[in-house]
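Take a look at the structure below.
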Amino acid sequence: LHLEGAEPIRDMDALHLWHAMGLRSLGPVWSRPTAYGHGVPFAFPSGPDRGGPLTDAGRALVAECNALGIMLDLSHLNEAGFDDIARLSDAPLVASHSAAHAICESSRNLTDRQLRVIGESGGLVGLNFASGFLRPDGRRLPLEDPGVMIRHLDHLLAILGEDGVAFGSDFDGALMPRDLPDAAALPRL
């Protein structure tokens with residue numbers, strides 16, 4: 001079970017209840033602030049350096065997630081929160097659905113520095129398939145050129161290596177590339 005945005009977790013007792021129900025992956029934020037930290041808005045061109053660090057509750061959340069074995073998902077998190085989790089967490093860092101800022105300057109994408117930090121932790125980045133986070137112009141239009149996805153993959157592979165890259169998709173509502181509308185089309189990629 002994964003939660004994208006920790007709004008349902010009011011306190012550490014609630015985190016334990018969610019864990020007992022199967023929670024094993026948690027994004028502290030979606031693209032907005034929570035009691036735990038700040039998410040990045042969907043802005044282009046923009047970097048992820050928006051908003052402040054994790055809150056006290058956010059730092060406590062990191063410690064408790066580490067103790068319970070709940071993976072912290074860095075996708076949607078701002079740069080200061082990313083750096084806090086990288087410093088505080090003893091687990092490999094994971095961004096389940098993100099892309100390369102060097103190719104598409106969306107605030108939602110990870111910078112090369114962030115990618116290196118994830119790689120140094122033995123972590124993983126799942127490539128986001130959302131067209132607006134892949135297209136170099138950042139426009140939320142269908143992606144017609146599958147070569148753009150390959151450029152993102154090549155960039156991620158160059159920094160993270162084969163064991164540090166996965167497919168993250170974002171099939172749950174984002175605008176997908178024309179040739180990759182759903183999981184049935186993955187063999188095309």
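The values are calculated or read from the model by the stated rules, or taken from the named source; none is laboratory data. Quantities reported herein were computed from a predicted structural model and do not represent experimental measurements. Every residue, glycine among them, receives a Cβ derived from its backbone with ideal geometry; neighbour counts consider all protein chains shown. Areas reflect the complete protein model, heavy atoms only, side chains present, ligands, DNA and RNA absent. Shrake-Rupley method; radii C 1.70, N 1.55, O 1.52, S 1.80 Å.
Quickly run through segment 113-132 and pick out the residues that are free of Cβ contacts under 8 Å to residues at least 40 places away in the same chain and within 21 Å of ARG50 (Cβ to Cβ).
Listed by number, the residues that qualify are ARG113, VAL117.
Hey, can you tell me all the residues within segment 134-177 that are assigned to a loop (DSSP other than H, G, I, E, B) and either hydrophobic (A, V, I, L, M, F, W, C) or open to solvent by less than 20 Å² (accessible area, probe 1.4 Å) (or both)? Please lay out each step first, then the result.
Going through segment 134-177, the residues assigned to a loop (DSSP other than H, G, I, E, B) turn out to be 135-146, 161, 170-177.
Of everything in segment 134-177, those that are assigned to a loop (DSSP other than H, G, I, E, B) and either hydrophobic (A, V, I, L, M, F, W, C) or open to solvent by less than 20 Å² (accessible area, probe 1.4 Å) (or both) turn out to be GLY138, LEU141, LEU143, PHE171, ALA174, LEU175, MET176, PRO177.
Only one residue in ALA20, ALA67, ALA99, ALA80 is closer than 21 Å to GLY126 by Cβ and modelled with pLDDT of 95 or more, so which one is that? Give the steps one after another, and end with the answer.
Values: ALA20 fails: closer than 21 Å to GLY126 by Cβ; ALA67 fails: closer than 21 Å to GLY126 by Cβ; ALA80 fails: closer than 21 Å to GLY126 by Cβ.
None of the others qualify; the one that does is ALA99.
List, please: which pairs have Cβ atoms under 6 Å, are six or more places apart or on different chains, and start with a residue in segment 99-112 that is closer than 16 Å to ILE159 by Cα and in contact (Cβ under 8 Å) with a residue 40 or more places away in the chain and end with one that is open to solvent by 10 Å² or more (accessible area, probe 1.4 Å) and of a type in the set (S, T, N, Q)?
From segment 99-112, the pairs are HIS101/THR111.
List every residue pair whose Cβ atoms sit under 7 Å apart, with the two residues 6 or more apart in sequence or on different chains, where the first one lies in segment 145-164 and is more than 12 Å from ILE103 (Cβ to Cβ) and the second, anywhere, is open to solvent by 50 Å² or more (accessible area, probe 1.4 Å) and in a loop (DSSP other than H, G, I, E, B).
Short answer, once both residue conditions are applied: PRO146/ASP179.
May I ask you to verify whether LEU72 is touching a helix residue (DSSP H, G or I) at 6+ places or on another chain (Cβ under 6 Å), over 17 Å from ARG10 (Cβ atoms) and aliphatic (A, V, I, L, M)?
On the way: touching a helix residue (DSSP H, G or I) at 6+ places or on another chain (Cβ under 6 Å): yes; over 17 Å from ARG10 (Cβ atoms): yes; aliphatic (A, V, I, L, M): yes.
When the stated conditions are applied, LEU72 passes them.
In segment 109-119, is there at least one residue being open to solvent by less than 10 Å² (accessible area, probe 1.4 Å), of a type in the set (Ser, Thr, Tyr) and more than 22 Å from TRP18 (Cβ to Cβ)?
No, because not a single residue in segment 109-119 is open to solvent by less than 10 Å² (accessible area, probe 1.4 Å), of a type in the set (Ser, Thr, Tyr) and more than 22 Å from TRP18 (Cβ to Cβ).
Residues of segment 34-92 being among the β-branched types (Val, Ile, Thr) and either surrounded by fewer than 16 Cβ atoms within 10 Å (Cβ to Cβ) or in contact with a Pro (Cβ under 7 Å, 6 or more places away or on another chain) (or both), which ones?
So in segment 34-92, the residues among the β-branched types (Val, Ile, Thr) come out as 34, 40, 55, 62, 70, 85.
THR34, VAL40 - these are the residues of segment 34-92 that are among the β-branched types (Val, Ile, Thr) and either surrounded by fewer than 16 Cβ atoms within 10 Å (Cβ to Cβ) or in contact with a Pro (Cβ under 7 Å, 6 or more places away or on another chain) (or both).
I need the full set of residues from segment 9-33 which are in a loop (DSSP other than H, G, I, E, B), more than 15 Å from the chain's Cα centre (by Cα) and buried (at least 17 other Cβ atoms within 10 Å of the Cβ), in order please.
Scanning segment 9-33 gives ILE9, LEU23.
Just name the residue that is farthest from ALA43 (Cα to Cα) out of those in segment 95-108 that are open to solvent by 20 Å² or more (accessible area, probe 1.4 Å) and of a type outside the set (D, E, K, R). Outline the logic, then answer.
Of segment 95-108, the ones open to solvent by 20 Å² or more (accessible area, probe 1.4 Å) are 96, 101-103, 105.
Those still in the list that are of a type outside the set (D, E, K, R) too: 96, 101-103.
Working: SER96: 19, HIS101: 12, ALA102: 15, ILE103: 15 Å.
Result: SER96.
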